[in-house]
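Below you'll find the structure, written out as structure tokens, and then a few comments.
The values are calculated or read from the model by the stated rules, or taken from the named source; none is laboratory data. Given the structure is predicted, the values throughout are model-derived calculations rather than measurements. Cβ sites come from the backbone with ideal geometry, for glycine too, and all protein chains shown count toward neighbours. The accessibility values were calculated without ligands, DNA or RNA, using every heavy atom of the protein model including side chains. Shrake-Rupley method; radii C 1.70, N 1.55, O 1.52, S 1.80 Å.
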Amino acid sequence: MTRYVTVEPDLLYDGIRVLDGGKLTFDESGTLVDPSQILDDVSTTHLRFRNKAIVPGFVNSHSHAFQRLIRGRTHEKAALREDFWSWRQMMMTAVSQLTPEELYQVTYLAFVEMLLAGYTTVGEFHYIHRQPDGSPYDESNYLGKIVIQAALDAGIRIVLLRTATCRSGFANTPAEGGQRRFVEPDPEQIFNDLECLQNYLRRTDDPCSRMGVAPHSIRAVGASELVRFHAWAEKNHISFHIHAAEQPAEVEASLTHTGLRPVEYLANLGVLSKITTLVHATHVNQYEIDRIADTQTTVCVCPTTEADLGDGLLPAGLMAQKRIPMALGSDSQAIIDPFCEMRMLETGERLRTGQRICLGGPSAHDNGTSLTMPEHLMRSGTVAGSRSLHPNVVENPSLLRPGLPADFVVVDLHHPSLVGCSRATLIPSLVLHGAAGAVTDVWVQGKRRVSDKTHRGYNRGVQNFLTVCRRLFETP
Ligand SMILES: [Zn+2]
């Protein structure tokens, strides 16, 4: 007998509109179904969520999960000027010491924290591939598979963005410290590893694990390889992600070595496209914004990390006017809270322009329908992220519609941040005032991963994470 589950909250946001008293029904495979199509001979579990709302699961399009390890450890002023580059040094030191087992433990807890906060999908920009001395593991995808396993064990949907770092920088000096674990000088080996990883994912055939291709940045991968990686992603119908224009120094280096700004350079190479996501795109000019828009490229903004690192503010209002899809990522894990990321996309623009209600307008999605500012933010946290990670829209898990995966989040309407919100104010309340603490339950592919604010692996995950912290930070 086929089993179904029906969930019924007070308010249901299906990704497009808020319904009073809507229901969701899904089958054993974790796929949403139309209740009117269900035959009589079935068993249905009915769950009623009073004083709760259900919304699509949030998508974290850019994550380096292991960086959760250095949270709280990078705020001491040791030099006259602390910036992204001194933070990066701290991150590299941590990278150089992690064992594969420790990478699993740190990554696992970061993924659990994401689930507790309402993320149901993570795009993990995975760039640690080698041993601390720079030599390869016997199995080149060893660490990538560990990260995928951590996601599946935690229960979050993952797109492993398999990163390529072919050189240490424009000058191609020998890699040092933690960077030795990233650099793989032979692109042919990377293509081979991409093929192997894809075959592995096909064999395991888990609907919650997919891959994308992610050249680290223009300083780490040369022009001809960038074009080849993009072509490989296009051929395989998967996403292509790259860091671009996060820091002014990066723009300067690009001008020095290529004569072009980073996004201009990528546009000239022809690698801006529907499958491409530019991570950050903080320092871009009007010409570059126009190229991003012309090519329907997605931008992934990481507001809490960009604020933490002092990266700057991207021209979000101009991008919204150009209908550029803006996805969101927790990046360095300074904060793991999708509500905070959505809010800061708008409030950053308010600080930059001195105005209110900055985003919204005709959308890159919904056939150009005009969106309110809160709707725009909600799309950034969900649909734009899905588009960024799953160019194959059939798998888009951000709309709660029959045929799509049951990835959704229950929020407590009696949480202090939300008390008093109604059907009309649910979305503005969530995106501008809500908090991860309002999330009570989370389903991914029809499986309940967070139940009444509890993830079953949390306590064990904390103990293992603390063991890693003790070894790395408390060794005399
Ligand atoms: Zn990043």
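Of all residues in the stretch 359-371, those being assigned to a loop (DSSP other than H, G, I, E, B) and either modelled with pLDDT of 95 or more or among the aliphatic types (A, V, I, L, M) (or both) number 2. Among helices (runs of 4 or more DSSP H) entirely within the stretch 231-349, having at least 3 residues that are open to solvent by 20 Å² or more (accessible area, probe 1.4 Å) and either over 23 Å from Tyr119 (Cβ atoms) or not assigned by TED's automatic domain parsing to the domain that holds Ala438 (or both) singles out 248-258, 262-269, 286-294.
State whether one or more residues within the stretch 49-64 are farther than 21 Å from Val431 by Cα, assigned by TED's automatic domain parsing to the domain that holds Val183 and under 21 Å from the mean Cα position of the chain (by Cα). Scanning the stretch 49-64, I find at least one residue that is farther than 21 Å from Val431 by Cα, assigned by TED's automatic domain parsing to the domain that holds Val183 and under 21 Å from the mean Cα position of the chain (by Cα), so the answer is yes. The residues of the stretch 78-113 that are out of contact with any helix residue (DSSP H, G or I) (no Cβ under 8 Å at 6 or more places or on another chain), assigned to a helix (DSSP H, G or I) and at pLDDT 95 or above amount to a single one, Glu101.
Across the stretch 6-17, the qualifying residues are those that are open to solvent by 20 Å² or more (accessible area, probe 1.4 Å) and not in a loop (DSSP other than H, G, I, E, B), and the one among them that is nearest to Leu418 (Cα to Cα) is Asp10. Residues in the stretch 52-67 that are surrounded by fewer than 24 Cβ atoms within 10 Å (Cβ to Cβ) and in contact with a Pro (Cβ under 9 Å, 6 or more places away or on another chain): Lys52 only. The listed residues are Glu250, Glu246, and the only one of them that is acidic (Asp, Glu), in contact with a Gly (Cβ under 9 Å, 6 or more places away or on another chain) and within 17 Å of Ser332 (Cβ to Cβ) turns out to be Glu246.
Quick grid of which residues meet (1) farther than 28 Å from Leu404 by Cβ; (2) in contact (Cβ under 8 Å) with a residue 60 or more places away in the chain; (3) under 20 Å from the mean Cα position of the chain (by Cα):
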| position | (1), (2), (3) |
| --- | --- |
| Ala214 | no, yes, yes |
| Arg219 | yes, no, no |
| Val227 | yes, no, no |
| Ser239 | no, yes, yes |
| Glu246 | yes, yes, yes |
| Ala249 | yes, yes, no |
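Can you confirm whether the stretch 107-116 contains a residue that is within 16 Å of the ligand (Cβ to nearest atom) and either touching a residue at least 60 places away in the same chain (Cβ under 8 Å) or outside the structural domain of Cys340 (by TED's automatic domain parsing) (or both)? Yes, there is a match, as at least one residue in the stretch 107-116 is within 16 Å of the ligand (Cβ to nearest atom) and either touching a residue at least 60 places away in the same chain (Cβ under 8 Å) or outside the structural domain of Cys340 (by TED's automatic domain parsing) (or both).
Only a single item in (1) on the phi > 0 side of the Ramachandran plot; (2) touching a helix residue (DSSP H, G or I) at 6+ places or on another chain (Cβ under 6 Å); (3) not β-branched (Val, Ile, Thr) is not met by Leu69, and it is number (1). Given the criteria under 25 Å from Pro338 (Cβ atoms), open to solvent by 10 Å² or more (accessible area, probe 1.4 Å) and either touching a residue at least 24 places away in the same chain (Cβ under 8 Å) or assigned to a strand (DSSP E or B) (or both), does Arg3 qualify? Judged against the criteria, Arg3 is not a match.
Scanning the stretch 55-64 for residues that are more than 11 Å from the ligand (Cβ to nearest atom) and outside any loop (DSSP other than H, G, I, E, B) turns up Val55, Pro56, Phe58, Val59, Asn60. Give me the residue from the stretch 148-192 that is without any contact (Cβ under 8 Å) to a residue 60 or more places away in the chain and in a strand (DSSP E or B) and, out of that set, nearest to Asp133 (Cα to Cα). So the residue we want is Val183.
On the given criteria, is Met378 open to solvent by 50 Å² or more (accessible area, probe 1.4 Å) and closer than 21 Å to Leu278 by Cα? I'd like the intermediate steps shown before the answer.
Details: open to solvent by 50 Å² or more (accessible area, probe 1.4 Å): no; closer than 21 Å to Leu278 by Cα: yes.
For Met378, the condition - open to solvent by 50 Å² or more (accessible area, probe 1.4 Å) and closer than 21 Å to Leu278 by Cα - is not met.
A search for C-beta distances below 8 Å between a residue of the stretch 301-321 that is at pLDDT 95 or above and any residue that is of a type in the set (Ser, Thr, Tyr) and more than 15 Å from the ligand (Cβ to nearest atom), counting only pairs 6+ apart in sequence or on different chains, returns Val301/Ser380; Gly317/Thr353. Working only within the stretch 170-202, note down all residues that are at pLDDT 95 or above, within 26 Å of the chain's Cα centre (by Cα) and not charged (D, E, K, R). Within the stretch 170-202, Pro187, Ile190, Phe191, Asn192, Leu194, Cys196, Leu197, Gln198, Asn199, Tyr200, Leu201 meet the criteria.
Would you check which residues across the stretch 115-125 are open to solvent by less than 10 Å² (accessible area, probe 1.4 Å) and touching a helix residue (DSSP H, G or I) at 6+ places or on another chain (Cβ under 8 Å) and list them? Can you show your working first?
If we filter the stretch 115-125 for residues that are open to solvent by less than 10 Å² (accessible area, probe 1.4 Å), which is where we start, we get 115, 117-125.
Within the stretch 115-125, Leu115, Ala117, Gly118, Tyr119, Thr121, Val122, Gly123, Glu124 meet the criteria.
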